[in-house]
1. Mind telling me which of the residues 165, 114 ends up being touching a strand residue (DSSP E or B) at 6+ places or on another chain (Cβ under 9 Å) and modelled with pLDDT of 95 or more?
2. Can we say residue 129 is in contact with a helix residue (DSSP H, G or I) (Cβ under 6 Å, 6 or more places away or on another chain) and buried (at least 19 other Cβ atoms within 10 Å of the Cβ)?
3. Looking at (1) assigned to a helix (DSSP H, G or I); (2) within 12 Å of the ligand (Cβ to nearest atom), which is the only condition residue 5 fails?
4. Would you tally the residues in the stretch 55-107 being near the ligand (Cβ under 10 Å from one of its atoms), part of a loop (DSSP other than H, G, I, E, B) and either out of contact with any helix residue (DSSP H, G or I) (no Cβ under 8 Å at 6 or more places or on another chain) or at pLDDT below 95 (or both)?
5. Only one of (1) closer than 25 Å to residue 162 by Cα; (2) without any contact (Cβ under 8 Å) to a residue 24 or more places away in the chain is not met by residue 98, so which one is it?
6. Pairs under 6 Å by beta carbon, first residue free of Cβ contacts under 8 Å to residues at least 60 places away in the same chain in the stretch 71-93, partner near the ligand (Cβ under 9 Å from one of its atoms) and in a loop (DSSP other than H, G, I, E, B), six or more apart or different chains?
7. Limited to the stretch 108-137, what total is found for residues that are part of a strand (DSSP E or B), within 24 Å of residue 161 (Cα to Cα) and within 10 Å of the ligand (Cβ to nearest atom)?
8. Residues in the stretch 17-54 that are closer than 22 Å to residue 134 by Cβ and either part of a helix (DSSP H, G or I) or more than 14 Å from the ligand (Cβ to nearest atom) (or both): how many?
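The values are calculated or read from the model by the stated rules, or taken from the named source; none is laboratory data. Bear in mind the structure is a predicted one, so any value in this text is a computation, not a measurement. Cβ placement follows ideal geometry from the backbone for every residue including glycine, while neighbour counts extend to all protein chains displayed.
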Ligand SMILES: C[S@@+](CC[C@H](N)C(=O)[O-])C[C@H]1O[C@@H](n2cnc3c(N)ncnc32)[C@H](O)[C@@H]1O
């Protein structure tokens, strides 16, 4: 009960969801499978705020889905900045593309269709900010692939770091996604090249700063 009241209070004291993002969210819920994957209002605002604080020249997002988090992140880009976003499901491209256009951000967003494991090695930019939000079993692979492409002082954020609380279950009960997240969190915690914190927002966001 108390947590519901707190949640309501938090939402009442966070700027209203942008009408375009609300429309994107509605259309995703109506037409696309697994709408729970979308970042949503609070997390979206957090991503937007973080990006505005960094004012990045280059952002990489792994896992576009319908484009909600990409739009939030792109809002903080510098005037000449670019956001690369990678999505394996080609069927989602026209949906996210429509909203990038409506948001007036299409010229700053470069969409890549295919597996991030294949695409990341071909990206030449050095990133100020990376958002990992694709298949959980590859989180550590993505981290290792992007690490040298992140500038010193740059940030890597990874969604679902708590994986619905399953990270605290007995390891015998871990499915492949939980194993992927647990392995990723453990690696980061032991990585001497970074500073990190696990932010308990929504499903947990691992925040990493490259030293
Ligand atoms: C949780 S959703 C992303 C949600 C989105 N970032 C947001 O907040 O609205 C994860 C997405 O990653 C995509 N994905 C899964 N495996 C992938 C891969 N190997 N490469 C690129 N995208 C992948 C899925 O198709 C799905 O659309």
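1. Values: 165 fails: touching a strand residue (DSSP E or B) at 6+ places or on another chain (Cβ under 9 Å).
So the residue among 165, 114 that is touching a strand residue (DSSP E or B) at 6+ places or on another chain (Cβ under 9 Å) and modelled with pLDDT of 95 or more is 114.
2. Here the answer is yes, as residue 129 does meet what is asked.
3. (2)
4. Number satisfying all stated conditions: 1.
5. Of (1) closer than 25 Å to residue 162 by Cα; (2) without any contact (Cβ under 8 Å) to a residue 24 or more places away in the chain, only one is false for residue 98: (1).
6. If the second residue must be near the ligand (Cβ under 9 Å from one of its atoms) and in a loop (DSSP other than H, G, I, E, B), the pairs left are 85/64; 87/64; 88/115.
7. Qualifying residue count for the region: 2.
8. Here is the first cut: in the stretch 17-54, the ones closer than 22 Å to residue 134 by Cβ are 21, 24-25, 27-29, 31-48, 50-51, 54.
Restricting the remaining residues to those that are either part of a helix (DSSP H, G or I) or more than 14 Å from the ligand (Cβ to nearest atom) (or both) gives 21, 24-25, 27-29, 31, 35-37, 41-48, 50-51, 54.
Selection size over the stretch 17-54: 21.
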